[in-house]
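**Q** To start, I am sharing the structure in question, which I have written as structure tokens.
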Amino acid sequence: MTRAPRRKARLGKSRLSQVSKCIIDHQALPCLLNLLNSNYKKSVKKEACWTISNITAGTKDQIQAVIEASIIGPLVHLLQNAEFDIKKEAAWAISNATSGGTHEQIKYFVSQSCIKPLCDLLVCPDARIVTVCLEGLENILKVGEAKNLARTGDVNLYAQMIDDAEGLEKIENLQSHDNNEIYEKAVKILETYWLEEDDETMPHGDSAPLEFHFGGGDVPVPSGGFDFK
């Protein structure tokens, strides 16, 4: 889920990591935090979020540096409340961090309330950002499945939080999206984190259980997609 810089000279991942290290080593993260928090014009905040998104595409240590600079909270605030152009860059920053971060780091992002704004952007008109948010939510759900992390009994706590944020309904609706990548990712997420839970609530009878297979073409997804409400 990483991006190379959008400047004319695109950097490889190793070069990008070196640039991020330089930013961190020269104590520039507090400057970026100030840009997020202060009353700068939209273009400045957008560029600050973009810069942070490239740092969070780096190593776990670089992600940790962003956390320790107290950037995540203001970043999530912009993700929830800023203009769409800023939200897009903030979404990249959070999603990149969930992709390369440790379980503990991802738990911290959740504690900073990143789930709801990621869910809210699932209805935006930009297909690439919808995909970015889906991937971020999927990374969070993976941590929710991990043993002794976010589980409460047999319940994935993060799946419940996504449901509470009206994210489950939005993911279900993405099964009818024109973009095939979005459709496939939505189906995969529903199959992995909600279908099993739904099956367990079905009454047992003499007939064999209904099974859905994805990707092989054996049994089609039900018309209209899955609905777990």
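Read the figures in this text as sums done on the coordinates, not as results from a lab. The structure displayed is predicted, hence computed values, not measured ones. Positions of Cβ are generated from backbone atoms using ideal geometry, with glycine treated the same way; all protein chains shown enter the neighbour counts.
**Q** What translational diffusion coefficient, to the nearest whole µm²/s, does segment 13-199 have by Stokes-Einstein, given a Kirkwood radius computed over alpha-carbon pairs, a temperature of 37 °C and 0.692 mPa s viscosity? Numbers along the way, then the final one.
**A** On the way: Rh = 16.7 Å.
The diffusion coefficient I find is 196 µm²/s.
**Q** Same structure again: Normalising by the residue count of segment 13-199, find the relative contact order in percent from Cα pairs under 8 Å and 6+ residues apart. Display every interim value, and only then the final one.
**A** Working: 220 pairs, mean separation 29.1, N = 187.
Computed value for segment 13-199: 16 percent relative contact order.
**Q** Same structure, new question: Can you order the peptides 45-55, 59-69 by their average number of other Cβ atoms within 10 Å per residue, highest first?
**A** Values: 45-55: 23.5, 59-69: 17.5.
The peptides rank, most packed first, as 45-55, 59-69.
**Q** Classify segment 55-154 as rounded, prolate or oblate from the Cα gyration tensor: take a ≥ b ≥ c as the square roots of its eigenvalues, call it rounded if a/c is under 1.5, otherwise prolate when a/b beats b/c and oblate if not.
**A** Numbers: a/c = 1.76, a/b = 1.25, b/c = 1.40.
Verdict is oblate for segment 55-154.
**Q** Sticking with this structure for a sec: Among His177, His26, which comes first, then next, by fewest other beta-carbon atoms within 10 Å? The partial results should precede the final answer.
**A** Working: His177 18, His26 9.
Going from least to most buried by this count: His26, His177.
**Q** Which one of Met161, Pro30, Val76 is farthest out on the positive end of the charge dipole of segment 13-199, using unit charges on Cβ (Lys, Arg +1; Asp, Glu -1) and the Cα centre as origin?
**A** With unit charges placed on the Cβ atoms, the residue in question is Pro30.
**Q** List, in the order given, every pair from Lys21/Lys88; Lys42/Lys188; Lys21/Lys142; Lys87/Lys107 whose Cα-Cα distance in the structure shown is over 32 Å.
**A** Violating the 32 Å Cα-Cα cut-off are Lys42/Lys188.
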